[in-house]
Amino acid sequence: MRSKRNWLLVAFVAVLAGLAPNGAGAAIGPENVVVVVNGRSWASRTIGNHYARLRGIHDLHVVELDWRGSVTATDVATFREEILKPVLAETQRRGIAGRIDCIAYSTDLPYAINYRGDFGEEAPQGIGRFTTASLTGLTYLTPLTLSEKPIYSQLGTNFYATYEPEKTRGFSARYLWNREGERVESEGVNYLLSTMLAYTAGRGTSVREAIEGLEWSAAADFSRPAGTVYLMENGDVRSRTRSGLFEATVKQLAELGVKAEVVAGSLPTDRDDVAGAVIGSAGFDWRASRSRILPGAICEHLTSFGGILRENAGQTPLTELLRHGAAGASGTVDEPYAILAKFPHPVIHVHYARGATLAEAFYLSVKGPYQLLVVGDPLCQPWGRRPARVRVEETAAGAELRETVKLRPMADRGEIASWELWIDGRPIAECGPEQSFTLHTRGMQ
């Protein structure tokens with residue numbers, strides 16, 4: 001009788017040393033992402049599973065929740081106990097928690113979280129009386145959210161963010177940051193990148209539109225689009241809040257070889273090269289602009305209710321930009337007032353052009369992200385550096401491994417700081433750039 005052969009998916013991850021030529025350090029990859037789906041929703045399973053296949057995300061990194069609540073909103077205690085904590089516990093159980101940097105939620109999970117309960121008997125005052133946060137914002141601020149105190153609703157809680165374009169830095173959930181925006185070894189705060197892949201209820205897109213958008217985003221990686229980032233200037237406070245930063249952004253992008261232009265009006269019109277857009281208008285019709293958004297573009301508008309996606313809500317939703325081709329968009333889920341710290345600083349496009357992923361670019365540019373809902377492909381990286389080709393010395397792909405074997409990975413380019421060995425979606429070991437892994441195959445299933 002022929003014995004059963006056990007196949008293992010063995011992968012090597014190169015951790016790059018220093019900074020890439022475009023300025024950004026090593027960005028997050030598929031091995032750093034967990035995709036969360038609502039098991040009760042065919043749309044959620046379809047989009048989540050399609051994204052995982054599209055990006056090469058292992059099945060071990062897909063977490064299914066039995067979510068029975070609203071797909072619009074929930075309270076913060078329910079969010080913690082039925083969404084956030086179960087996802088974190090599952091990554092621990094599966095042995096992948098130490099390498100997860102991003103939680104990507106599929107559709108049909110609540111995008112709005114009411115956190116009034118975290119105030120206890122204290123009544124929120126002033127602008128703090130608007131007590132709705134976003135799914136992605138509270139996930140990014142996980143350590144603060146788990147404290148059960150509304151400290152996450154303060155401005156400036158994101159110490160990873162930087163408005164200085166030359167300080168683009170790669171993200172890791174293991175990194176700690178202090179109030180000065182410096183990476184520290186202790187007594188700092190860590191974060192967890194988060195986006196929604198799509199939203200298909202209410203004012204959302206269709207499932208087909210969502211999948212097509214994710215496919216376009218993946219295809220845009222490393223393409224260095226020959227387009228223009230448009231920064232819209234008008235008399236609206238939504239534009240004036242950021243317009244004083246536009247000229248510096250144009251100059252910074254030009255130094256990276258990326259064209260940018262300050263344009264009067266609400267939207268760029270009759271342009272076929274929109275590689276990004278900073279918009280400041282409460283309502284707009286992208287189709288009427290006759291402009292084309294290029295794959296991979298980040299487009300967003302600073303307005304009060306762009307992230308409110310329920311039916312019959314006011315103002316244009318962020319999904320209008322996704323529907324017309326943007327890889328990522330954002331909007332607040334409650335009244336934010338025109339406070340710059342709650343929205344992406346125009347430097348988002350500089351960080352993106354320096355090689356950051358979409359998720360990194362968003363959170364590098366928002367210092368108070370608790371109300372901001374970010375929707376799109378977290379891994380999209382149009383200006384990133386294509387990963388090095390990896391081979392294993394004296395071991396061919398598909399070779400049968402028996403007993404104890406030594407594996408020495410090698411890259412065709414780039415300075416490697418260390419190597420990580422992953423087997424069937426789990427991190428197994430780490431070694432130096434010139435070292436080898438010893439793999440004991442006996443007993444592996």
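Stokes-Einstein diffusion of segment 202-262 at 4 °C, 1.567 mPa s viscosity, Kirkwood radius from Cα pairs, rounded to a whole number: 91 µm²/s.
The residues of segment 230-324 expose, per residue, 41 Å² of accessible area to a 1.4 Å probe. Rolled with a 1.4 Å probe across the full set of protein chains, the surface gives Phe79 an accessible area near 0 Å². Cα-based values for segment 185-228, radius of gyration first and Dmax second, are 16.3, 45 Å. Taking all protein chains as they are arranged and a probe of 1.4 Å, the heavy atoms of Lys406 leave approximately 150 Å² accessible to solvent.
The distance between label points at Val184 and Glu121 comes to 3.3 nm (points 7 Å beyond Cα on the Cα→Cβ vector).
With θ taken as phi - 60° and the Karplus curve 6.51 cos²θ - 1.76 cosθ + 1.60 applied, the whole-hertz 3J(HN,Hα) list for segment 189-197 is 10, 10, 9, 9, 3, 7, 9, 8, 6 Hz, x standing for glycine and proline. Spin-label pair Asp66-Asn234: with each label point 7 Å from Cα along the Cα-Cβ axis, the two points sit 4.9 nm from one another.
For Lys259 and Arg408, a Förster radius of 35 Å and the Cβ-Cβ distance give a FRET efficiency of 0.20, rounded to the nearest 0.05.
Taking the empirical scaling 2.2 N^0.38 Å for compact globular proteins as reference, segment 83-155 has a Cα radius of gyration ratio of 1.24. Among Ile348, Ile127, Ile103, the residue with the largest mean-square fluctuation in a Gaussian network model of the chain, with springs joining Cα atoms closer than 10 Å, is Ile127. In this simple spin-label approximation, Arg426 and Asp59 carry label points 7 Å from Cα along the Cα→Cβ vector, and these lie 1.5 nm apart.
Of the three principal axes defined by the Cα atoms of segment 177-283, the extents in descending order read 51, 38, 31 Å.
For segment 237-340, a/c is not less than 1.5, where a ≥ b ≥ c are the root eigenvalues of the C-alpha gyration tensor, and a/b does not top b/c. That puts it in the oblate class. Which one, (1) 61, 59, 49; (2) 74, 51, 44; (3) 55, 51, 42, gives Cα extents along the principal axes in Å as derived from the coordinates shown? Structure-derived value, by its label: (2).
Tally up the carbon and sulfur contribution to the accessible surface of segment 184-287 as a whole percent, 1.4 Å probe, everything protein left in place. Solvent-exposed carbon and sulfur of segment 184-287 make up 46 percent of the total. Would you compute the Debye intensity of segment 68-224 from its alpha-carbon atoms alone, equal scatterers and no solvent, and pass along log10 I(q)/I(0) at q = 0.13, 0.17 Å⁻¹ to two decimals? Reported log10 I(q)/I(0), two decimals: -0.75, -1.20. Taking a Cβ cut-off of under 11 Å around Trp422, the surrounding Lys, Arg, Asp and Glu residues balance to a net charge of -2, with basic ones at +1 and acidic ones at -1.
For Met410, the accessible surface of its heavy atoms amounts to roughly 50 Å² (probe 1.4 Å, protein chains only, rounded to the nearest 10). The magnitude of the dipole of segment 62-190, with charges of +1 and -1 set on the Cβ of Lys/Arg and Asp/Glu and taken from the Cα centre, is near 180 debye. Over the chain, dividing the summed -39,500 (n - 2.57) contributions of all DSSP H runs of at least 4 residues by the number of residues returns a 222 nm mean residue ellipticity of -5000 deg cm²/dmol.
Taking θ as phi - 60° and the Karplus parameters 6.51, -1.76 and 1.60, the scalar couplings of segment 368-379 work out to x, x, 5, 9, 8, 8, 9, 10, x, 7, x, 8 Hz in sequence order, x denoting glycine and proline.
The values are calculated or read from the model by the stated rules, or taken from the named source; none is laboratory data. All figures in this text were calculated on a predicted structure; none of them were measured in a lab. As a convention, Cβ positions derive from the backbone with ideal geometry for all residues, glycine included, and neighbour counts pool all protein chains shown. For accessibility, only protein heavy atoms count, side chains too; no ligands or nucleic acids. Shrake-Rupley method; radii C 1.70, N 1.55, O 1.52, S 1.80 Å.
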